[in-house]
Amino acid sequence: MGYTDTRFTVNLSILFTELPLLERPAAAAAAGFTAVELWWPWIDTPTPEQAELDALREALNDAGVRLTGLNFYAGQLPGPDRGALSVPGEESDRFRANVDVAADFAASVGCTALNALYGNRVDGVDPAVQDELALENLAIAARAADRVGAVLLVEALNRPESPRYPLVSAPAAIEVVEKVNAATGLGNARFLMDLYHLSMNGEDLTEVIEKYTAVTGHVQIADNPGRGAPGTGDLDFTDLLDRLKKAGYDGWVGLEYKPGDAPSGSTFAWLPAPLRPAPAG
């Protein structure tokens, strides 16, 4: 099986960043893809002007690509931040202001997955206080996602690159997913299984797939070491994607890898052109 019939989606916040935001959907389409995903594109504001939202929607539509995933506002990302929802004060307020904006935009383009990054630990703040705030904000986000027919994703990052982020293992993220579902009763919180981050944490990826595919709402990949394209590191993605399929996963696989010094469009040689468009159905 391998890459055959896998539904790939290109993360336009890490690939094609040599281009302005509004040119990236067309660049992904030119490379042969029909689906893309994004971190929150406007890192300085959770509530961009309607004209900016409309321009991005038009760029997606004109390129003929579907937006399959979108992050809620997450602070300076890329940058030092890893989310805002557990950070008391202004950042939590900014997250809450963003929730309906992001959900409504997702609904307008048919996007059905919204990722809520937890946020870093804050010096001088009790972790229990941050966790309580996080659960409140995640419940708000889950309800907004449910309103537009989307799932809420909770992601584990990796400790070496995100040492202040508390969710640095699959079990830690799964625990939060379960708490959110218990709090809302909606059951729409799901695990974002990023195989690069989990590999960086030293987790057994085959075991993670076996245990947690049933509660996984999205998968992202990059090779390790280096966070480059498949084939640049040591991970066997043919085997890993086969295992995901056998475990019942039929969702999107996000290409969230760094292109290095090469133009992004030149980094897809590992994936034959006929396999880049999302399979029909």
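The values are calculated or read from the model by the stated rules, or taken from the named source; none is laboratory data. Since this is a predicted model, take the numbers as computed values, not measurements. Positions of Cβ are backbone-derived with ideal geometry, glycine not excepted, and every protein chain shown enters the neighbour counts. Protein only, heavy atoms only, side chains kept; ligands, DNA and RNA dropped before computing areas. Shrake-Rupley method; radii C 1.70, N 1.55, O 1.52, S 1.80 Å.
Checking the conditions here, which among 262, 278 is more than 20 Å from the chain's Cα centre (by Cα), in a loop (DSSP other than H, G, I, E, B) and not β-branched (Val, Ile, Thr)?
262
Within region 49-88, can you find the residues that are closer than 30 Å to residue 32 by Cα, in contact with a helix residue (DSSP H, G or I) (Cβ under 6 Å, 6 or more places away or on another chain) and open to solvent by less than 20 Å² (accessible area, probe 1.4 Å)?
53, 59, 60, 65, 67, 70, 72, 73 - these are the residues of region 49-88 that are closer than 30 Å to residue 32 by Cα, in contact with a helix residue (DSSP H, G or I) (Cβ under 6 Å, 6 or more places away or on another chain) and open to solvent by less than 20 Å² (accessible area, probe 1.4 Å).
Can you name the residue in region 103-124 that is in contact with a helix residue (DSSP H, G or I) (Cβ under 9 Å, 6 or more places away or on another chain) and of a type in the set (A, V, I, L, M) and, of all such residues, is farthest from residue 64 (Cα to Cα)?
Going through the qualifying residues, I end up with 122.
May I ask you to list the residues in region 167-189 that are closer than 23 Å to residue 148 by Cβ, of a type in the set (Gly, Ala, Ser) and either in a helix (DSSP H, G or I) or open to solvent by 40 Å² or more (accessible area, probe 1.4 Å) (or both)? Working first, answer last.
Taking region 167-189 and keeping what is closer than 23 Å to residue 148 by Cβ, we get 173, 176-189.
Then keep just the ones that are of a type in the set (Gly, Ala, Ser); that gives 173, 182-183, 185, 187, 189.
Within region 167-189, 173, 182, 183, 185, 187 meet the criteria.
Can you list the helices (runs of 4 or more DSSP H) found entirely within region 43-156 that contain at least 3 residues being within 25 Å of residue 187 (Cβ to Cβ), under 20 Å from the mean Cα position of the chain (by Cα) and not polar (S, T, N, Q)? Break it down stepwise before answering.
Details: elements: 50-63, 90-109, 127-147.
Helices (runs of 4 or more DSSP H) meeting the threshold: 90-109, 127-147.
Okay, residues lined up against (1) closer than 20 Å to residue 161 by Cβ; (2) part of a loop (DSSP other than H, G, I, E, B); (3) at pLDDT 95 or above; (4) in contact with a strand residue (DSSP E or B) (Cβ under 7 Å, 6 or more places away or on another chain):
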{"position": "220", "(1), (2), (3), (4)": "yes, no, yes, yes"}
{"position": "223", "(1), (2), (3), (4)": "yes, yes, yes, no"}
{"position": "226", "(1), (2), (3), (4)": "yes, yes, yes, no"}
{"position": "234", "(1), (2), (3), (4)": "yes, yes, yes, no"}
{"position": "239", "(1), (2), (3), (4)": "no, no, yes, no"}
{"position": "243", "(1), (2), (3), (4)": "no, no, yes, no"}
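So, of the residues in region 190-233 that are closer than 24 Å to residue 144 by Cβ and of a type in the set (Val, Ile, Thr), which turns out to be most open to solvent (accessible area, probe 1.4 Å)?
Only one residue fits best here, namely 215.
Name every residue in region 1-18 that is open to solvent by less than 50 Å² (accessible area, probe 1.4 Å), among the aliphatic types (A, V, I, L, M) and not in a strand (DSSP E or B), in order of residue number. Spell out the reasoning first.
Restricting attention to region 1-18, the residues satisfying the condition of being open to solvent by less than 50 Å² (accessible area, probe 1.4 Å) are 2-3, 6, 8-16.
Now restrict to residues that are among the aliphatic types (A, V, I, L, M): 10, 12, 14-15.
Within region 1-18, 12, 14, 15 qualify.
Mind checking which residues of region 162-189 are polar (S, T, N, Q), in contact (Cβ under 8 Å) with a residue 40 or more places away in the chain and within 22 Å of residue 235 (Cβ to Cβ)?
The first filter runs over region 162-189 and keeps only residues polar (S, T, N, Q), leaving 162, 169, 181, 184, 188.
Filter once more, keeping what is in contact (Cβ under 8 Å) with a residue 40 or more places away in the chain: 162, 184, 188.
Selection gives 162 alone.
Return the only residue of 23, 37 being in contact with a His (Cβ under 9 Å, 6 or more places away or on another chain) and either among the β-branched types (Val, Ile, Thr) or not in a loop (DSSP other than H, G, I, E, B) (or both). Outline the logic, then answer.
Numbers: 23 fails: in contact with a His (Cβ under 9 Å, 6 or more places away or on another chain).
Checking each option against the conditions leaves just 37.
Can you say whether residue 108 is open to solvent by less than 40 Å² (accessible area, probe 1.4 Å), at pLDDT 95 or above and small (Gly, Ala, Ser), as far as the supplied structure shows? Walk me through it before giving the result.
Numbers: open to solvent by less than 40 Å² (accessible area, probe 1.4 Å): no; at pLDDT 95 or above: yes; small (Gly, Ala, Ser): yes.
So residue 108 fails the test.
Any residue in region 190-208 that is assigned to a helix (DSSP H, G or I) sitting within a Cβ distance under 8 Å of a residue that is open to solvent by less than 40 Å² (accessible area, probe 1.4 Å) and small (Gly, Ala, Ser)? List the pairs, counting only those 6 or more apart or interchain.
From residues that are assigned to a helix (DSSP H, G or I), the pairs are 195/222; 196/222; 197/156; 198/156; 198/169; 198/170; 205/199; 208/170.
Is there any pair linking a residue in region 258-281 that is closer than 10 Å to residue 16 by Cα and in contact (Cβ under 8 Å) with a residue 12 or more places away in the chain to one that is polar (S, T, N, Q) and open to solvent by less than 60 Å² (accessible area, probe 1.4 Å), with Cβ under 6 Å and at least six apart or on different chains, and which?
These pairs meet every condition: 259/267.
For region 234-269, how many residues are among the aliphatic types (A, V, I, L, M) and open to solvent by 70 Å² or more (accessible area, probe 1.4 Å)?
Just the residues of region 234-269 that are among the aliphatic types (A, V, I, L, M), to begin with: 235, 240-241, 244, 247, 253, 255, 262, 269.
Still in the running and open to solvent by 70 Å² or more (accessible area, probe 1.4 Å): 269.
Selection size over region 234-269: 1.
Among residues belonging to region 31-45 that are touching a strand residue (DSSP E or B) at 6+ places or on another chain (Cβ under 8 Å) and open to solvent by 30 Å² or more (accessible area, probe 1.4 Å), point out the one that is nearest to residue 107 (Cα to Cα).
Taking region 31-45 as the starting set, the residues that turn out to be touching a strand residue (DSSP E or B) at 6+ places or on another chain (Cβ under 8 Å) are 31, 33-40.
Filter once more, keeping what is open to solvent by 30 Å² or more (accessible area, probe 1.4 Å): 34, 39.
Working: 34: 18, 39: 16 Å.
Checking each candidate, the answer is 39.
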